[in-house]
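The values are calculated or read from the model by the stated rules, or taken from the named source; none is laboratory data. Model, not experiment: these values are computed from the prediction. FYI the Cβ positions are ideal-geometry reconstructions off the backbone, even for glycines, and counts take in every protein chain you see.
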Amino acid sequence: MTPVEITYVGGPTAVVELGGIRLLTDPTFDAPGEYPIGTRKLVKTAGPALTASRIGAVDAVLLSHDQHPDNLDTSGRTYLSGAPLTLSTAAAYDRLGAPVRALPAWEHVDLSRPDGGALRVTAVPALHGPEGSEPIVGEVTGFVLSGEGLPKVYVSGDNASLDVVAEIAGREGPFDVAVLFAGAARTPLVPDAPLTLTSEAAARAAEILGARHVVPLHFEHWGHFTQDGATLTKAFAEAGLTDRLHLLEPGVSVRLP
């Protein structure tokens, strides 16, 4: 099986190379600082390990959502303008237009691989908070990557729901690799529940998905995360899943499986 290579850039941003195709998740390249969103502000505590220019061209961007600056910032929007394809939500297309292509849940796009095969990108549901929070937090999507001779990869986006994870596992699983957005994000917008997976939920998600490898993203570099790499390490150890967890340093790559 051809391996997948994942390079952690920072926050929700990673380069995913699979079957000769280069993908970028949620482009965020701005410097640390305060970023207004409505009447609130989010605080970025660290910049990316790799600049957009160092990353260079990709074949497509996987954009979980555009409405929050910790998932798409000003520099990220500039990057989108030069990307050949950005797959995201219908709401993102309505706001951004081209180059975004709306990909509804359970629909797919096949990207031509250099070897003559195809990498299938399937949009899957995501819930950015508790049930009923969609009108407040907005539309979000996740992605499944698959193809002949390739590991099956799940990219969660900002999903906080294990019920959603179970639905995806039932329709698309099991998975070789799960890229899980974690950190148990909390903001005054939804004060009583996390907006992304807790560390314990990330470990449970790995079990539900049957994932042999887990690469966490979006668990650091912003002030609204309430859990981090240490809590992920602890949760996976307590679940007996330490061997599945790949907690990358910014700028570092891993080849799986």
Handout entry: Leading residue by the ranking (surrounded by the fewest Cβ atoms within 10 Å (Cβ to Cβ)) among those in segment 157-170 that are in contact (Cβ under 8 Å) with a residue 40 or more places away in the chain and of a type in the set (D, E, K, R)
Key = Glu167
Fill in the blank from the handout: Log entry, pairs with first residue in segment 2-20 being under 23 Å from His221 (Cβ atoms), second being surrounded by fewer than 24 Cβ atoms within 10 Å (Cβ to Cβ) and at pLDDT below 95, beta carbons closer than 7 Å, six or more apart or on different chains, reads none
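Return the residue satisfying two criteria in turn: it lies in segment 26-63 and is polar (S, T, N, Q) and touching a residue at least 40 places away in the same chain (Cβ under 8 Å), and of such residues it is surrounded by the most Cβ atoms within 10 Å (Cβ to Cβ). Working first, answer last.
Initially, segment 26-63 is screened for residues polar (S, T, N, Q), giving 28, 39, 45, 51, 53.
This time we only want the ones that are touching a residue at least 40 places away in the same chain (Cβ under 8 Å), so: 28, 45.
Values: Thr28: 27, Thr45: 12.
Applying the filter and picking the extreme gives Thr28.
The rows are residues; the columns are (1) under 17 Å from the mean Cα position of the chain (by Cα); (2) closer than 30 Å to Thr45 by Cα.
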position: Asp73; (1), (2): yes, yes
position: Arg77; (1), (2): yes, yes
position: Pro104; (1), (2): yes, no
position: Val121; (1), (2): yes, no
position: Glu134; (1), (2): no, yes
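If a residue must be among the hydroxyl-bearing types (Ser, Thr, Tyr), surrounded by fewer than 20 Cβ atoms within 10 Å (Cβ to Cβ) and within 18 Å of Ile37 (Cβ to Cβ), how many such residues does segment 64-88 contain? Give the steps one after another, and end with the answer.
As a first pass, look at segment 64-88 and keep what is among the hydroxyl-bearing types (Ser, Thr, Tyr): 64, 74-75, 78-79, 81, 86, 88.
Applying the additional criterion that residues be surrounded by fewer than 20 Cβ atoms within 10 Å (Cβ to Cβ) yields 74-75, 78, 81.
Right, trim to within 18 Å of Ile37 (Cβ to Cβ) and you get 74-75.
Result for segment 64-88: 2.
For Ser133, indicate whether it is modelled with pLDDT under 95, surrounded by 17 or more Cβ atoms within 10 Å (Cβ to Cβ) and hydroxyl-bearing (Ser, Thr, Tyr).
Details: modelled with pLDDT under 95: yes; surrounded by 17 or more Cβ atoms within 10 Å (Cβ to Cβ): yes; hydroxyl-bearing (Ser, Thr, Tyr): yes.
Answer is yes for this residue.
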Exercise for the section: Look at segment 206-257 and say how many of its residues are among the aliphatic types (A, V, I, L, M) and outside any loop (DSSP other than H, G, I, E, B). Expected result: 13
Handout entry: Of all residues in segment 237-257 being small (Gly, Ala, Ser) and within 19 Å of the chain's Cα centre (by Cα), the one that is farthest from Gly20 (Cα to Cα)
Key = Gly251
Practice task
Taking Asp115 as the residue in question, decide whether it is of a type in the set (Asp, Glu) and within 15 Å of the chain's Cα centre (by Cα).
Solution key: no
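Being of a type in the set (Lys, Arg) and over 23 Å from Leu62 (Cβ atoms) is the filter; apply it to segment 176-220 and report the residue that is modelled with the highest pLDDT. Talk me through it step by step, then tell me what you get.
Narrowing segment 176-220 to residues of a type in the set (Lys, Arg): 186, 204, 212.
Filter once more, so that each one left must be over 23 Å from Leu62 (Cβ atoms): 186, 204.
Details: Arg186: 94, Arg204: 98.
Selected residue: Arg204.
Every residue, every condition in (1) under 15 Å from the mean Cα position of the chain (by Cα); (2) part of a loop (DSSP other than H, G, I, E, B), yes or no:
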| site | (1), (2) |
| --- | --- |
| Leu24 | yes, no |
| Thr28 | yes, yes |
| Tyr35 | no, no |
| Leu42 | no, no |
| Ala46 | no, yes |
| Val61 | yes, no |
Exercise for the section: Take segment 186-220 and flag every residue that is closer than 15 Å to Gly129 by Cα, of a type outside the set (S, T, N, Q) and in contact (Cβ under 8 Å) with a residue 60 or more places away in the chain. Expected result: Pro188, Leu189, Val190, Asp192, Ala193, Pro194, Leu195, His218
Practice task
Confirm whether Gly173 is over 17 Å from the mean Cα position of the chain (by Cα), farther than 20 Å from Gly10 by Cβ and in contact (Cβ under 8 Å) with a residue 24 or more places away in the chain.
Solution key: yes
